[in-house]
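J.: The structure follows.
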Amino acid sequence: MADPRRSRIPDPVQDRTADPPVDMTQPGTGFDRGTQIDDRGAGYARPRHAREGEREMGSRSAPERGPMGGMPRPGPWATSAPSAIALLGGVWLVVSRLVFDFAAAGSTAEGVVNGVILGIAVALVALALMNNASANPALGLVLAVLGGWMIASPWVFNYGRWGAESEPTYSDVITGAAIALAGLATLLAGMARQIGAVRRTGVAM
């Protein structure tokens, strides 16, 4: 038998002044299982792929800038707005043949047919540019050439006069000038966008 008088090893003394341990999984502690710690303010290093993804999204949402932070590069509106003007001009070339008396102004039948054909051609080219902002800028040059031909048409088909019965002349000259200017604007905007795309590709490489 063990000697009852033998001294037992005393139990470790517990510090009753220390705070009891906190079970972070228990409700009411602020660290429940369903609680997510907001670490946005913590000073930790974000993963590299997260930072690169944020930069990519920011670059997509930011407007395109020109070289050295200059003016923004021409967007799709720079092509579609002049094309809309050209479209209206093409439609008016057809309608004007019904509004004005081209025969009284001295126009031949070929002059009337010429306006109808040019109006349809201008409208089709303008629609192609409006439906596809990245269309070939050379279509703008086509509009400019058609507009220039419309300016010369009154004298080609014998109704170019600035006196009585001159409404067809004014109509075709003004409409042709608007179409030509819209075509040049479309051409320049398209060329600027293509040059910007080439520069961006070169920087990316």
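J.: Tell me, what is the FRET efficiency for ASP101 and TRP155 to the nearest 0.05, using R0 = 25 angstrom and their Cβ-Cβ distance as r?
T.: That gives a FRET efficiency of 0.85.
J.: Right, another one. Spelling out what I want: for every residue of segment 98-110, take phi, set θ = phi - 60°, compute 6.51 cos²θ - 1.76 cosθ + 1.60 (Karplus), and round to whole Hz; glycine and proline get x.
T.: Running phi through 6.51 cos²θ - 1.76 cosθ + 1.60 with θ = phi - 60° gives 9, 7, 9, 8, 5, 5, 5, 7, x, 6, 7, 5, 5 Hz.
J.: Taking a cut-off of 21 Å, what percent of all Cα-Cα pairs in segment 78-204 are separated by more than that?
T.: Counting every Cα pair in segment 78-204, those more than 21 Å apart make up 41 percent.
J.: Further question: May I ask for the net charge around GLY115, where only other residues with Cβ less than 11 Å from the Cβ of GLY115 are counted and Lys, Arg are +1 while Asp, Glu are -1?
T.: After counting each charged neighbour, the total is -1.
J.: On a full-extension model of 0.36 nm per residue, what is the gain between LEU127 and SER166, subtracting their alpha-carbon distance, rounded to one decimal in nm?
T.: Value of the extension gain: 11.0 nm.
Where a number appears in this text, it was derived from the coordinates with a stated rule and is not lab data. Just so it is clear, the model here is predicted, and its values are computed rather than measured. Ideal geometry is used to build each Cβ from the backbone, glycine not excepted, and the neighbour counts take in all protein chains shown.
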